[in-house]
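Chemist: Just passing along the structure, written as structure tokens.
The values are calculated or read from the model by the stated rules, or taken from the named source; none is laboratory data. A quick note: this is a predicted structure, and the numbers were derived from the prediction, not measured. Cβ placement follows ideal geometry from the backbone for every residue including glycine, while neighbour counts extend to all protein chains displayed. To get the accessible areas, we keep the full protein, side chains included, count just its heavy atoms, and leave off ligands, DNA and RNA. Shrake-Rupley method; radii C 1.70, N 1.55, O 1.52, S 1.80 Å.
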Amino acid sequence: MNIHEYQGKQLFRDAGLSVQDGVHCTTVEQALAAYDALGGDVVAVKSQIHAGGRGKGSLHNPENGELVMQGGVKIAFNRQDVENYAQNILGNILVTKQTGAGGKLVNNLYVEGGCKIAHEYYLAILIDREEKMPLIMASCEGGMDIEEVAEKTPEAIFKVHVDPSDGLLPEQAEGLADSLELEGAAIDSFVENITGLFNFFVSNDCSMVEINPMVRTEDNRIVLLDAKVGFDDNALFRHPEIVELRDLSEEEPTEVRAKAAGLSYVKLDGNIGCLVNGAGLAMATMDVIKLYGGEPANFLDVGGGANEEQVTTAFGIIMEDPNVKGILVNIFGGIMRCDIIARGVIAATQALALEDPLVVRLVGTNFEEGRRILSESGLNIHTAETLAEGAQKIVELVGGES
Amino acid sequence: MSIWIAEDAKVLVQGITGNQGTFHATKMVEYGTDIVGGVTPRKGGQTVDLGGVEAPVWDTMVEAIEATDADASVIYVPPRFAGSAIIEAADAFSQVRGNGVIVCITEGIPTLDMVKAVDHVSTIDGIRLIGPNCPGIITPGENGGSKIGIMAGHIHAKCRIGVVSKSGTLTYEAVAQTMSIDEGQSTCIGIGGDPVNGTGFIDCLAAFENDDQTVAVVMIGEIGGTAEEEAAEWVAENMSKPVVGFVAGMTAPPGKRMGHAGASISGGKGTAAEKGAAMEAAGIRCANDPSEIGAVLLESLKAAGLR
């Protein structure tokens with residue numbers, strides 16, 4: 001689960017980390033009031049969406065797509081600037097490298113007090129899957145695209161693995177300050193912030209914290225000028241206060257509903273819907289559709305123990321996508337029995353009056369019974385024995401209709 | 001021999017009195033697994049009916065291992081307790097008999113709990129953790145065998161192909177593919193799709209390389225992380241037996257989590273194309289379609305003079 005920058009900053013502030021004063025706004029009037037409250041000096045006016053690359057993104061009119069403004073993060077030097085920027089941001093679509101071409105509607109704004117920057121750094125904490133422990137990454141090349149830095153100058157990224165049983169050791173924090181060539185008061189300020197940030201990461205079950213940029217001010221203090229915070233979905237049960245920060249408007253509504261029904265769904269751009277049990281097999285099913293010349297419309301894993309109701313919900317979710325012109329069901333019944341799936345498929349197609357072609361491949365437990373139920377249903381359901389055969393059939397059926 | 005789990009391994013079930021625990025313990029007994037009992041805190045002294053077999057329940061893993069000399073345990077406890085269940089099992093096996101295999105089926109364990117559990121297990125010699133979020137491990141036998149997990153037992157048959165996979169149902173697909181060319185399996189292991197897990201690809205490949213019963217291995221990967229690339233490098237340097245593979249997620253969009261907690265492409269890393277290329281470069285023949293794994297395996301067996 002991700003949160004907005006303004007929410008992350010508030011959590012940082014509560015944790016005693018160095019952030020600038022700032023105000024969350026949803027209207028131009030609030031933005032102007034925030035400017036006054038912050039002392040009427042230089043402020044940053046920042047679009048709030050759950051995607052990176054905001055500064056280099058562009059804002060567009062939601063109706064006609066016309067360019068409104070370049071840059072989703074602006075420095076305002078006076079009241080008039082704040083008014084202009086807030087007007088250009090709120091209610092418009094921000095397109096960045098990470099949002100895709102469709103962009104995201106901006107409903108939230110963060111007005112943050114400015115600071116005099118001497119240098120920008122990059123700082124992140126994440127879980128290193130291979131070493132199986134938290135990893136701190138830092139670089140003197142702040143504000144840049146870190147993936148680009150990693151590719152071109154990997155030696156410019158300093159990495160510190162933190163043993164979970166020891167926590168972040170003072171010498172590790174100091175070593176990192178040294179790598180970043182900090183001096184004097186900035187060292188203490190950095191050590192305090194990185195230690196606090198690491199504790200924040202662990203105590204809140206974060207999956208990732210990225211600060212790009214972290215800055216050193218002209219008076220040699222460290223300030224966390226950005227806050228991209230992600231939480232481990234599996235650990236949300238112990239952080240009800242974090243769950244409350246969730247902004248569902250930032251998430252694909254169908255994906256949210258699928259999750260509530262115990263299904264795992266990701267929308268794609270193709271026209272062949274897939275309903276599969278198991279995440280690996282669901283990915284493989286998409287791959288094979290593509291291999292035989294089709295385009296998958298979605299990833300959908302119904303899980304290991306799906307019942308008739310979940311299968312019906314899954315069909316409903318797939319069919320909500322207007323691009324879908326056919327559906328491939330691929331079930332390898334282990335614990336899940338194929339006869340139950342077959343009944344679910346029939347109930348769902350009848351309940352939803354499915355007209356698009358449907359290919360069903362059932363193997364595993366009770367597959368003979370499952371196939372018999374389908375063939376005796378009198379419905380227009382094609383069956384297949386292998387995944388390849390199923391994919392070829394659905395690609396042909398969909399291709400023939402368009 | 002098989003790897004890690006013998007056909008007659010004695011197995012305990014942690015969380016045996018829960019719905020999932022009882023259901024799957026019954027299925028394991030049906031298959032022929034020697035379930036010697038289980039553990040649920042505060043339910044010690046009770047028994048659980050596993051389709052006609054009464055299985056004893058202990059409060060703690062130490063008591064259960066002392067009473068049964070179990071070789072392995074399988075964990076079906078809810079996510080929030082699973083990390084501590086792994087640690088309890090590791091300590092108990094270590095204390096009572098000095099070794100043991102822990103298979104954790106539970107899906108949805110907080111990552112930092114797994115970081116702690118894996119760190120703990122790694123400090124104790126003789127303890128192997130498989131999973132979490134996996135179908136488990138199965139060693140098919142002449143009559144039944146040892147199935148420790150949630151996989152469909154009946155699709156397996158004892159023979160000479162090792163199978164290792166991140167995914168559950170895709171493992172079934174690989175198993176069915178070995179059967180389609182009249183082969184069978186020595187041991188099949190699901191290592192799970194979580195970002196932080198116990199046993200990895202290389203552990204399995206090394207064990208298969210040293211196992212007399214295994215002549216070739218099917219390795220199934222998926223997007224996310226770099227475990228496949230590292231395994232490929234290891235195979236190129238150390239493996240004499242043929243390995244064939246498949247990587248799921250060629251069409252997965254970047255930045256999206258595809259069902260498994262660990263299955264996502266981040267920062268352009270962890271793509272199926274990269275993994276497939278690394279595996280091919282290491283001499284691992286990869287199928288483009290899981291329905292072709294059997295054919296690719298057959299060619300590799302022929303090339304190695306095994307068919």
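Chemist: From the Cα trace of the stretch A:242-369, what convex hull volume per residue do you get, rounded to a whole Å³?
Modeler: 115
Chemist: With θ taken as phi - 60° and the coefficients 6.51, -1.76 and 1.60, list the Karplus ³J(HN,Hα) couplings across the stretch B:8-23 in order, rounded to whole Hz; mark glycine and proline as x.
Modeler: 10, 4, 8, 10, 9, 10, 8, x, 5, 8, x, 3, 4, x, 5, 4
Chemist: Do any residues of the stretch B:103-148 show a loss of at least 50 square angstrom of accessible area between the isolated chain and the full protein assembly, using a 1.4 Å probe, and if so which?
Modeler: Buried by the other chains: B:PRO110, B:LEU112, B:VAL115, B:ASP119.
Chemist: Out of all DSSP beta bridges with both ends in the stretch B:126-207, state the antiparallel percent to the nearest 5. It would help to have the intermediate numbers written out before the result.
Modeler: Values: 7 of 12 bridges.
Bridges in the stretch B:126-207 that DSSP calls antiparallel: roughly 60 percent.
Chemist: What is the set of long-range amide H partners of A:LEU105 at a cut-off below 5 Å, with H atoms built 1.01 Å from backbone N?
Modeler: A:LEU94
Chemist: Quick one: Debye curve from the C-alpha atoms of chain A, no solvent, what's log10 I(q)/I(0) at q = 0.06, 0.10, 0.14 Å⁻¹?
Modeler: -0.33, -0.81, -1.15
Chemist: I'd like to check one number: the per residue accessible area of the stretch A:118-267, probe 1.4 Å, reported in Å² as a whole number.
Modeler: On the way: 6740 Å² over 150 residues.
Per residue, the stretch A:118-267 has 45 Å² of solvent-accessible surface.
Chemist: As a test of the formula, what do you get for chain A when each DSSP H run with n ≥ 4 contributes -39,500 (n - 2.57) and the sum is divided by the residue count, at 222 nm and rounded to the nearest 500 deg cm²/dmol? Walk me through the intermediate numbers first.
Modeler: On the way: 13 runs with 143 residues, N = 402.
It comes out at -11000 deg cm²/dmol, rounded to the nearest 500.
Chemist: Leaving ligands, DNA and RNA out of it, report the carbon-plus-sulfur percent of the accessible area of chain A at a 1.4 Å probe.
Modeler: On the way: 8210 of 17030 Å².
Result for chain A: 48 percent of the exposed heavy-atom area is carbon or sulfur.
Chemist: From the phi angles alone, apply the Karplus equation (6.51, -1.76, 1.60; θ = phi - 60°) to the stretch B:108-118 and give each ³J(HN,Hα) in whole Hz, x where the residue is Gly or Pro.
Modeler: x, 6, x, 4, 5, 5, 6, 4, 5, 5, 5
Chemist: Another one. For chain B, report the convex hull volume of the alpha-carbon atoms normalised per residue, in Å³, without decimals. Could you put the intermediate results ahead of the total?
Modeler: Numbers: hull volume 36.3 nm³, N = 307.
Each residue corresponds to 118 Å³ of Cα convex hull volume.
Chemist: Work from the charge dipole of chain A (Cβ charges, +1 for Lys and Arg, -1 for Asp and Glu, about the Cα centre) and give the residue of A:ASN2, A:ALA388, A:GLY22 farthest towards its positive end.
Modeler: A:ALA388
Chemist: While we're looking at this one, here's another question. Could you compute how much accessible area chains A and B hide from each other, both sides summed, with a 1.4 Å probe? Nearest 100 Å² is fine. It would help to have the intermediate numbers written out before the result.
Modeler: On the way: alone 18990 and 12570 Å², together 27680 Å².
Approximately 3900 Å² gets buried when A meets B.
Chemist: Across 5 Å bins from the origin, how do the percents of Cα pairs in the stretch A:105-164 run, short distances first?
Modeler: 4, 14, 19, 17, 15, 14, 11, 6, 0
Chemist: With axes computed from alpha carbons, what is the tilt in degrees of helix A:79-89 against the longest principal axis of chain A, rounded to the nearest 10 within 0 to 90?
Modeler: It is inclined by approximately 10 degrees.
Chemist: Work from the charge dipole of the stretch A:34-185 (Cβ charges, +1 for Lys and Arg, -1 for Asp and Glu, about the Cα centre) and give the residue of A:TYR122, A:GLY143, A:SER47 farthest towards its positive end.
Modeler: Value computed over the given set: A:SER47.
Chemist: Cβ under 15 Å from A:GLY370's Cβ, A:GLY370 left aside: what net charge do those residues give with Lys, Arg +1 and Asp, Glu -1? Don't jump to the answer; show the numbers that get you there.
Modeler: Working: positive: A:ARG337, A:ARG343, A:ARG361, A:ARG371, A:ARG372; negative: A:GLU308, A:ASP339, A:GLU368, A:GLU369, A:GLU376, A:GLU385.
Around A:GLY370, the charge tally is -1.
Chemist: Just to confirm a number: summing +1 for Lys and Arg and -1 for Asp and Glu over residues other than A:LEU387 whose beta-carbon lies under 13 angstrom from that of A:LEU387, what do you get?
Modeler: Working: positive: A:LYS290, A:ARG361, A:LYS393; negative: A:ASP287, A:GLU385, A:GLU389, B:GLU173, B:ASP289, B:GLU292.
Within the 13 Å Cβ shell, the charges total -3.
Chemist: So, one more: For the peptides A:66-77, A:374-385, what is the packing order when you average, over each peptide's residues, the other Cβ atoms within 10 Å and list the highest mean first?
Modeler: Values: A:66-77: 16.7, A:374-385: 15.1.
Going by the mean number of other Cβ atoms within 10 Å, highest first, we get A:66-77, A:374-385.
Chemist: Which aspartates and glutamates does A:LYS290 reach when only Cα atoms under 14 Å apart count, and residues fewer than 8 places away in its own chain are ignored?
Modeler: Partners within reach: A:ASP269, A:GLU389, A:GLU396, B:ASP289.
Chemist: Could you give the angle, 0 to 90 degrees to the nearest 10, between helix A:387-401's Cα long axis and the longest principal axis of the Cα atoms of chain A?
Modeler: Approximately 90 degrees, to the nearest ten.
Chemist: Take a quick pass over the stretch B:176-307 and tell me how many lysine pairs come in under 27 angstrom between Cα atoms, counting only ones 8 or more apart or on separate chains. Mind dumping the intermediate values first?
Modeler: Working: B:LYS241/B:LYS275; B:LYS241/B:LYS302; B:LYS256/B:LYS269; B:LYS256/B:LYS275; B:LYS275/B:LYS302.
So the count works out to 5.
Chemist: Can you compute 3J(HN,Hα) from phi for each residue in the stretch B:214-220, using the Karplus curve 6.51 cos²θ - 1.76 cosθ + 1.60 with θ = phi - 60°, rounded to whole Hz and x for Gly and Pro?
Modeler: Couplings: 7, 10, 7, 10, 9, 10, 10 Hz.
Chemist: What lysines does A:LYS116 reach when the alpha-carbon gap must be under 20 Å and sequence neighbours fewer than 8 apart in one chain are set aside?
Modeler: A:LYS9, A:LYS46, A:LYS74
Chemist: With axes computed from alpha carbons, what is the tilt in degrees of helix A:308-320 against the longest principal axis of chain A, rounded to the nearest 10 within 0 to 90?
Modeler: Its long axis makes an angle of about 70 degrees.
Chemist: Still on this structure, I have one more. Please compute the volume of the convex hull spanned by the alpha-carbon atoms of the protein assembly as shown and report it per residue in Å³. Spell out each step's value before the answer.
Modeler: On the way: hull volume 116.1 nm³, N = 709.
Given the Cα convex hull of the protein assembly as shown, per-residue volume reads 164 Å³.
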